[in-house]
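See below for the structure under consideration.
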Amino acid sequence: GENVEQHPSTLSVQEGDSAVIKCTYSDSASNYFPWYKQELGKRPQLIIDIRSNVGEKKDQRIAVTLNKTAKHFSLHITETQPEDSAVYFCAAGDRTSGSARQLTFGSGTQLTVLP
Amino acid sequence: NAGVTQTPKFRVLKTGQSMTLLCAQDMNHEYMYWYRQDPGMGLRLIHYSVGEGTTAKGEVPDGYNVSRLKKQNFLLGLESAAPSQTSVYFCASLMRGILNTEAFFGQGTRLTVV
C-alpha cells in the first residue's frame, strides 16, 4: 500500500517568513495530493490540493509543488501569520479509480508562527 | 446543512466495555471513513465504506467493527475497549467522482480507555 512520509514534524518560523513542509510517497499510482490544516481542537480542513498532471498550484499565500519523478510534494506558505499556526497534514491517493482508494496521510507538521 | 456530525464528542470507557461511535453526513456522499489520530502518527484509516451495505478494512482495523446500514450513517464499534484504543477518532465523507476531491471531516470524538 501507499506510504507517506512528512517532514519536519515541528517547524517554527518568524512572522512574515516562509514555511516549507515536504512529503514523499511510495505508490506511483497516486495521482491526488491534498493538504489539510488542523487548528487546535478542530477538525482537519482542506486548504489546497494538486493533481499529478500539474507541477505547481498557488492560492494566495499558499502553494504546492509536485515532482512525480521523485515522488515528492511540498507545501509552501509565504508571509506567514500567527493564524497559520496549526498542524498540517499531507496526503496521497487515487481519485481516478472507480473504487474509493483511500487517502493515506502523513504524520503531520506542527507549524508555529512566532510574533 | 450540518456536514459531518459525530457523536459523542467525548467518552471515557473502562477496559472491556463496548461502545459505538456514530457518524452522520447530510451531503449524500457515497464514501465514508473512520480514522484515528494519535500524537506523531497522523491520521490512520481504520475502516471505510464505498456505499450503503459495504465496508472494508483500512490500515489499523483490529479491535473495531463498522456498519453502513444507511447511506448517511457510518458506525464504528469497539466490542471490548483497550487502553491502546485511547485516541481521537475522526469520521470523514467524500463524494464519488474524480471531480469531487475534498474529504469533509467530523469534529472528532475524544475517547479515553482506562
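The values are calculated or read from the model by the stated rules, or taken from the named source; none is laboratory data. Keep in mind that what you see is a predicted model, and the values were worked out from it rather than measured. With ideal geometry, Cβ positions are generated from the backbone for all residues, glycine too; neighbour counts draw on all protein chains shown.
See the values below:
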| quantity | calculated |
| --- | --- |
| Within region A:9-58, considering residues that are more than 9 Å from chain B (Cβ to nearest Cβ) and closer than 26 Å to B:Arg110 by Cβ, the one surrounded by the fewest Cβ atoms within 10 Å (Cβ to Cβ) | A:Leu40 |
| Cβ pairs under 6 Å, 6+ apart, first in region B:7-18 and under 15 Å from B:Glu79 (Cα atoms), second part of a strand (DSSP E or B) and modelled with pLDDT under 95 | none |
| Residue identified as at pLDDT below 95, under 9 Å from the mean Cα position of the chain (by Cα) and either surrounded by 21 or more Cβ atoms within 10 Å (Cβ to Cβ) or acidic (Asp, Glu) (or both) among A:Gly93, A:Gly106 | A:Gly106 |
| Total residues in region B:86-114, condition farther than 23 Å from A:Gly93 by Cα and crowded, with 19+ Cβ neighbours inside 10 Å | 4 |
| Residue check, A:Ile77 at pLDDT 90 or above, more than 14 Å from every other protein chain (Cβ to nearest Cβ), surrounded by 20 or more Cβ atoms within 10 Å (Cβ to Cβ) and under 13 Å from the mean Cα position of the chain (by Cα) | yes |
| Residue within region A:60-73 that is within 14 Å of chain B (Cβ to nearest Cβ), of a type outside the set (Ser, Thr, Tyr) and buried (at least 17 other Cβ atoms within 10 Å of the Cβ) present | yes |
| Tally of residues being exposed (fewer than 15 other Cβ atoms within 10 Å of the Cβ), in a loop (DSSP other than H, G, I, E, B) and within 11 Å of chain A (Cβ to nearest Cβ) across region B:50-85 | 0 |
| Count of region B:5-37 residues which are over 27 Å from A:Gln6 (Cα atoms) and either surrounded by fewer than 21 Cβ atoms within 10 Å (Cβ to Cβ) or within 11 Å of another protein chain (Cβ to nearest Cβ) (or both) | 23 |
| Restricting region B:53-111 to residues that are hydroxyl-bearing (Ser, Thr, Tyr) and without any contact (Cβ under 8 Å) to a residue 40 or more places away in the chain, the residue that is farthest from B:Asn28 (Cα to Cα) | B:Ser84 |
| Which numbered condition B:Pro39 fails, given (1) in a strand (DSSP E or B); (2) under 19 Å from A:Ser107 (Cβ atoms) | (1) |
| Contacts under 9 angstrom Cβ, first residue in region B:38-49 being more than 7 Å from chain A (Cβ to nearest Cβ), partner among the charged types (D, E, K, R) and in a loop (DSSP other than H, G, I, E, B), 6 or more apart | B:Arg44/B:Asp38; B:Arg44/B:Glu59; B:Ile46/B:Glu59; B:Ser49/B:Glu30; B:Ser49/B:Arg68 |
| Boolean, B:Gly42 is over 18 Å from A:Gln38 (Cβ atoms) and touching a strand residue (DSSP E or B) at 6+ places or on another chain (Cβ under 7 Å) | no |
| Count of region B:10-36 residues which are farther than 21 Å from B:Ser67 by Cβ and outside any strand (DSSP E or B) | 3 |
